[in-house]
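Q: Here's a structure for you.
The values are calculated or read from the model by the stated rules, or taken from the named source; none is laboratory data. Every value quoted in this text rests on a predicted model; they were computed, and no experiment measured them. Here Cβ is always computed from backbone atoms with ideal geometry, including for glycine, and neighbour counts include all displayed protein chains.
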């Protein structure tokens, strides 16, 4: 008979409209919907989903009997009940359902029967390996030997495995004695196919190394995962936090890579960190750096001169500039801009003229007046100002623009050129102390930097140097600018063994984590009986 877990889940299937969810990459293109936590309205169930629930329910009833003798009859019943599971996908899904309902022996025997007849397709192989990973205690030496035999047959038949198959196969291979050679092989297989390993595959690599007690290799995989720029899955933290005496090292890893937790990942920390002697609370951190949960103050963030030079040299690289940043700019205009900067730099602040002019839709026809007000604001502070805009701004109000040109250096690009590249180029060229004013999030320019560690440095520089125009009064008496943050949204270690980890705020739609404001959550984490050890400066970019 199948496990008692089967009966419990079967009752749920009968009593409710509950849907057993496979990972997306295992659904093989089946139509499905997903509802994010907190959504008030569920999406309408499709026919494919309804069929899937009915067909799965039939399989669940069959598994409760625990007998494979009538599996051919079951297959006919399932195929007649809907179109989602068909003759091409039945085998893989049958094994998957066996895994979900705890019927490991039935799933294993079914796959072995398929294999003995030469009917085990790639999908079935992937599900079988995935199932073995879900029941490691039931995968003894003989099962591992069989898995390796199937694996070798698969590689003999196919030179390259697709990403989905690599993910499924890696889960099982990670349990075997050949994990050390085959996990890198599967990672390289994906890289050589022109793609990059998925988060699922990176997590599997880390899990395999920890499972075989090779912690050094596990951390190497974690560094490679973080440097890939892929989303860090909550599963990774579950795996790591199941190891002993590892929390301080994990926190330093988060700090080194500047990782912002998802809400789901923060929940993993809140659930598992206490077993490591830590106390966790969800909190907020003020713009001045005060944590509302523990009342400690975070140290102001700073960008090291080394990091700034690394960012500046990457962004100002002639190849990058010519190929990507100034796509719509002529060589003559770019040369003119360079000569202009040689005369006026350094400056204290660079203004995005057009962006400022359109802070208020109501006042947009008076854009020149808004630009004058902001210019006047920085003049009153004794700042040296550079304004970047486009040539059509010369047609704006003469009085307003004369004030701007009398109190700031002004560069107006061709109307067909993008002005953001000029703004960023000037700010970076000017030096580490130069700020800039714009509402633009600069996402595309951050993306062009390519390497994740350069993107992280850009994000930190942006957070610490960008003013955001919020409101400008009609009479100019109020110029509301959100100043650069003193606290970058990155992991912070404070005194007294306290850590503060930034958490993504999904309510701030389309705002990247490093740019979210002070209403975005943090995880306040206090360690006990752990020696204080701040990450050394040279370790931050390892």
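Residue-wise test of (1) surrounded by 15 or more Cβ atoms within 10 Å (Cβ to Cβ); (2) touching a strand residue (DSSP E or B) at 6+ places or on another chain (Cβ under 7 Å).
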{"position": "438", "(1), (2)": "yes, yes"}
{"position": "441", "(1), (2)": "yes, no"}
{"position": "447", "(1), (2)": "no, no"}
{"position": "454", "(1), (2)": "yes, no"}
{"position": "477", "(1), (2)": "no, no"}
{"position": "485", "(1), (2)": "yes, no"}
{"position": "495", "(1), (2)": "no, no"}
{"position": "500", "(1), (2)": "yes, yes"}
{"position": "507", "(1), (2)": "no, no"}
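Q: Give segment 372-391 a look and list any residue that's within 12 Å of residue 353 (Cα to Cα), surrounded by fewer than 20 Cβ atoms within 10 Å (Cβ to Cβ) and touching a helix residue (DSSP H, G or I) at 6+ places or on another chain (Cβ under 9 Å), or say none.
A: Hit for segment 372-391 is 390, nothing else.
Q: Right, something else. Here are some conditions: (1) assigned by TED's automatic domain parsing to the domain that holds residue 104; (2) crowded, with 20+ Cβ neighbours inside 10 Å; (3) within 26 Å of the chain's Cα centre (by Cα). Residue 185 meets all but one. Which one does it not meet?
A: (2)
Q: Mind listing just one residue for me: the one in segment 225-243 that is at pLDDT 95 or above and part of a loop (DSSP other than H, G, I, E, B) and, of those, surrounded by the fewest Cβ atoms within 10 Å (Cβ to Cβ)?
A: The extreme case among them is 242.
Q: So residue 280 clears everything in (1) part of a strand (DSSP E or B); (2) assigned by TED's automatic domain parsing to the domain that holds residue 444 except one condition, right? Which one?
A: (2)
Q: Also, I was wondering about something else. Which residue, of 115, 93, is closer than 28 Å to residue 198 by Cβ, surrounded by fewer than 18 Cβ atoms within 10 Å (Cβ to Cβ) and modelled with pLDDT of 90 or more?
A: On the way: 93 fails: surrounded by fewer than 18 Cβ atoms within 10 Å (Cβ to Cβ).
Answer to the check: 115.
Q: Follow-up. Does segment 35-84 hold any residues that are at pLDDT below 90, within 35 Å of the chain's Cα centre (by Cα) and under 16 Å from residue 98 (Cα atoms), and which are they?
A: If the condition is that a residue be at pLDDT below 90, within 35 Å of the chain's Cα centre (by Cα) and under 16 Å from residue 98 (Cα atoms), then 52 is the only one that fits.
Q: Another question, then. Can you tell me which of (1) out of contact with any helix residue (DSSP H, G or I) (no Cβ under 9 Å at 6 or more places or on another chain); (2) farther than 30 Å from residue 488 by Cβ; (3) not assigned by TED's automatic domain parsing to the domain that holds residue 116 is the one residue 214 doesn't meet?
A: Going through the list (1) out of contact with any helix residue (DSSP H, G or I) (no Cβ under 9 Å at 6 or more places or on another chain); (2) farther than 30 Å from residue 488 by Cβ; (3) not assigned by TED's automatic domain parsing to the domain that holds residue 116, residue 214 breaks only (1).
Q: If residue 191 satisfies all but one of (1) surrounded by fewer than 19 Cβ atoms within 10 Å (Cβ to Cβ); (2) assigned to a helix (DSSP H, G or I); (3) modelled with pLDDT of 95 or more; (4) assigned by TED's automatic domain parsing to the domain that holds residue 158, what's the number of the condition it fails?
A: The one condition residue 191 does not meet is (3).
Q: If residue 411 meets every condition in (1) touching a helix residue (DSSP H, G or I) at 6+ places or on another chain (Cβ under 6 Å); (2) assigned to a strand (DSSP E or B); (3) over 28 Å from residue 311 (Cα atoms) apart from one, which number is that one?
A: Here residue 411 meets the rest and fails (3).
Q: Scan segment 389-398 and give yes if some residue there is touching a strand residue (DSSP E or B) at 6+ places or on another chain (Cβ under 9 Å) and part of a strand (DSSP E or B), otherwise no.
A: Checked segment 389-398: at least one residue is touching a strand residue (DSSP E or B) at 6+ places or on another chain (Cβ under 9 Å) and part of a strand (DSSP E or B).
Q: Moving to a separate point now. Any residue in segment 249-269 that is touching a residue at least 12 places away in the same chain (Cβ under 8 Å) and over 22 Å from the mean Cα position of the chain (by Cα)?
A: Looking through segment 249-269, none of the residues is touching a residue at least 12 places away in the same chain (Cβ under 8 Å) and over 22 Å from the mean Cα position of the chain (by Cα).
Q: Across segment 321-354, what is the number of residues that are modelled with pLDDT of 90 or more and either part of a helix (DSSP H, G or I) or more than 37 Å from the chain's Cα centre (by Cα) (or both)?
A: Going through segment 321-354 one residue at a time, the tally reaches 11.
Q: Does residue 525 satisfy being surrounded by 17 or more Cβ atoms within 10 Å (Cβ to Cβ), in contact with a helix residue (DSSP H, G or I) (Cβ under 9 Å, 6 or more places away or on another chain) and either within 20 Å of residue 459 (Cα to Cα) or modelled with pLDDT under 90 (or both)?
A: For residue 525, the condition - surrounded by 17 or more Cβ atoms within 10 Å (Cβ to Cβ), in contact with a helix residue (DSSP H, G or I) (Cβ under 9 Å, 6 or more places away or on another chain) and either within 20 Å of residue 459 (Cα to Cα) or modelled with pLDDT under 90 (or both) - is not met.
Q: Scan (1) under 18 Å from residue 119 (Cβ atoms); (2) in a helix (DSSP H, G or I) for the single condition residue 58 breaks and write down its number.
A: Among (1) under 18 Å from residue 119 (Cβ atoms); (2) in a helix (DSSP H, G or I), the lone unmet condition for residue 58 is (1).
Q: I would also like to ask the following. When residues of segment 99-129 are filtered for being in a helix (DSSP H, G or I) and either without any contact (Cβ under 8 Å) to a residue 60 or more places away in the chain or farther than 13 Å from residue 59 by Cα (or both), how many remain?
A: The qualifying residues number 21.
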